[in-house]
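The values are calculated or read from the model by the stated rules, or taken from the named source; none is laboratory data. Note that the structure is a prediction, hence the values are computed from the model and not measured. Here the Cβ is made from the backbone with ideal geometry for all residues, glycine too, and neighbour counts use every protein chain on show. Just so you know, the surface numbers come from the protein's heavy atoms only, side chains and all, with ligands and any DNA or RNA stripped out. Shrake-Rupley method; radii C 1.70, N 1.55, O 1.52, S 1.80 Å.
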Amino acid sequence: ELAAPTNDINTTAALALLTSVAYFYAGLSKKGFGYFKRYIQPIPLLLPINIIEDFTKPLSLSFRLFGNVLADELTISVLTSLVPLVVPLPIMVLGIFAGSVQALIFSTLAAAYIAEALE
C-alpha cells in the first residue's frame, strides 16, 4: 500500500524543523545577533513567552500536517474495508485535494514565519 510520506510524524517534524532552521537563519543573516532583541520586546517579562513561541511554531506545523494527512489515510482505509469498489474513489480524490491544501498551508505559514524573522 502506498501511504503519504507525511503520514509519519517524523517526516512532518523534520519539515517543521527545517522551517525553523530557515526561520532562524533568515533572521540571523539579516540582523546578526541583534535578531535576539525581539525576544525582550516590548518588555523583558515576555522573554519566556517568546521562547515558547519559537518551540510551538514547528510543533503546530508538524501536528497540523500530520493530523490532517493521517485522518485522510484512516478514512480511506476504513471506507475501503467497508465498501471496497466505488465509494473510496471520491474520498481518494478529496484526499488529493486536502493534501494539496495542507501543502499550501504549510508553505504559506513557513513563508510567513521566515518573513516575520526578516522584519
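See the values below:
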quantity	calculated
Count of the stretch 29-51 residues which are open to solvent by less than 60 Å² (accessible area, probe 1.4 Å) and not aromatic (Phe, Trp, Tyr)	5
Test for Ala110: is it touching a Gly at 6+ places or on another chain (Cβ under 8 Å), open to solvent by less than 50 Å² (accessible area, probe 1.4 Å), touching a residue at least 24 places away in the same chain (Cβ under 8 Å) and hydrophobic (A, V, I, L, M, F, W, C)	no
Some residue of the stretch 69-80 being in a helix (DSSP H, G or I) and closer than 27 Å to Arg38 by Cβ	no
Gly99 under 23 Å from Ala13 (Cα atoms), buried (at least 16 other Cβ atoms within 10 Å of the Cβ) and within 16 Å of the chain's Cα centre (by Cα)	yes
Filter result for the condition that a residue is in a helix (DSSP H, G or I), without any contact (Cβ under 8 Å) to a residue 24 or more places away in the chain and out of contact with any His (no Cβ under 6 Å at 6 or more places or on another chain), over Leu61, Leu94	Leu94
Some residue of the stretch 50-63 being within 23 Å of the chain's Cα centre (by Cα), under 25 Å from Leu118 (Cβ atoms) and aromatic (Phe, Trp, Tyr)	yes
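Per-residue answers, yes or no, for (1) more than 30 Å from Ile96 (Cα to Cα); (2) under 18 Å from the mean Cα position of the chain (by Cα); (3) part of a helix (DSSP H, G or I); (4) modelled with pLDDT under 90:
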| residue | (1), (2), (3), (4) |
| --- | --- |
| Glu1 | no, no, no, yes |
| Thr19 | no, yes, yes, no |
| Ser29 | yes, no, yes, no |
| Tyr35 | yes, no, yes, yes |
| Tyr39 | yes, no, yes, yes |
| Pro48 | yes, no, yes, no |
